[in-house]
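Just below is one structure, and these are the notes that go with it.
The values are calculated or read from the model by the stated rules, or taken from the named source; none is laboratory data. Remember, it's a predicted structure, so these values are computed and weren't measured experimentally. Cβ atoms come from the backbone with ideal geometry, glycine included; neighbour counts cover every protein chain shown. Heavy atoms of the whole protein, side chains included, go into the accessibility calculation; ligands, DNA and RNA do not. Shrake-Rupley method; radii C 1.70, N 1.55, O 1.52, S 1.80 Å.
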Amino acid sequence: LVLEQSLIRTRATLSKGDVVSTWHRGVRFDLDVSKVIPSAFHAVTCINTDIEVDIGEVQTGSTSQPQTNPQSPIEEDMENIKGFRLGTGQTTSSSRSCTSLSPSKAPSTVSLLPEPPEGQKDGVCTILIRYSGGQGKRRFAVETASVEDLFAFASSIMNRDKHTFQLVTRFPRRELSLVGNQSENSIKNPGLLTLSEAGLQQGQEMFMVENL
């Protein structure tokens, strides 16, 4: 959907043989236009047009080799993608994040804290967690639920270890993590804090997931 909207906003026409450049998480992708439909003139207009984009197979110049563990073209391409984490000089690779989400490395089944009764609104915060693979939402009683309970929920929807990421808000930026900082004033076990003690209030909150 992002690519289709980008074509409509940045191009007047699209022709066979064009190279479309797009960015995703700091990585540039060059896509070759191999076919347009209708194909009478090998070109289409992008103005006031509902465009549908189909991503074809990745074309490589290497000779065919026996595949003992076949992968989709997207998986093969993602193994070679590297980027930079914003605000740091650390290089990250997509293959590392993919393995952390694989079922073979999934944490053991966790027991989630029950949600407050459906009709209860006082002291209840509905928390939305967004991550690269989707999002999840759950209601918590801020006075009794702990930061550990929040991370247990996030871990269950992402199928990954709760000590490998932190939850952050954007404006203003606030960070929640089960790993304490090295400063003298840091809390040794932040997971024991209630959500109220961690700064959450009745209403709604949205957190983004950042890898540690």
Exercise for review: Look at residue 126 and say whether it is part of a loop (DSSP other than H, G, I, E, B), more than 17 Å from residue 209 (Cβ to Cβ) and hydroxyl-bearing (Ser, Thr, Tyr).
Suggested key: no
Practice item. Could you tell me whether any residue of segment 174-192 is in contact (Cβ under 8 Å) with a residue 12 or more places away in the chain, basic (Lys, Arg) and part of a loop (DSSP other than H, G, I, E, B)? Key: no
Review point. Among (1) open to solvent by 30 Å² or more (accessible area, probe 1.4 Å); (2) under 14 Å from residue 191 (Cα atoms), which single condition is residue 121 missing?
Key: (2)
Review point. If a residue has to be at pLDDT 90 or above and either farther than 21 Å from residue 134 by Cβ or in a loop (DSSP other than H, G, I, E, B) (or both) to count, how many in segment 164-173 make the cut?
Key: 1
Practice item. Tell me which residues, restricted to segment 125-146, are open to solvent by 50 Å² or more (accessible area, probe 1.4 Å) and touching a helix residue (DSSP H, G or I) at 6+ places or on another chain (Cβ under 6 Å). Key: 131
Study note, to complete from the structure: Checked pairs for segment 115-139, first in contact (Cβ under 8 Å) with a residue 40 or more places away in the chain and within 17 Å of residue 168 (Cβ to Cβ), second aliphatic (A, V, I, L, M) and not in a strand (DSSP E or B), C-beta under 7 Å and 6 or more apart or across chains, list as 125/142; 125/195; 125/200; 127/150; 129/154; 129/157; 131/158
Review point. Would you say residue 57 is part of a loop (DSSP other than H, G, I, E, B), at pLDDT 75 or above and either open to solvent by 50 Å² or more (accessible area, probe 1.4 Å) or not hydrophobic (A, V, I, L, M, F, W, C) (or both)?
Key: no
Review point. Taking residue 124, is it modelled with pLDDT of 90 or more and of a type in the set (A, V, I, L, M, F, W, C)?
Key: yes
Check your understanding: Out of all the residues in segment 147-161, is one or more open to solvent by less than 40 Å² (accessible area, probe 1.4 Å), more than 19 Å from residue 126 (Cα to Cα) and modelled with pLDDT under 90?
Key -> yes
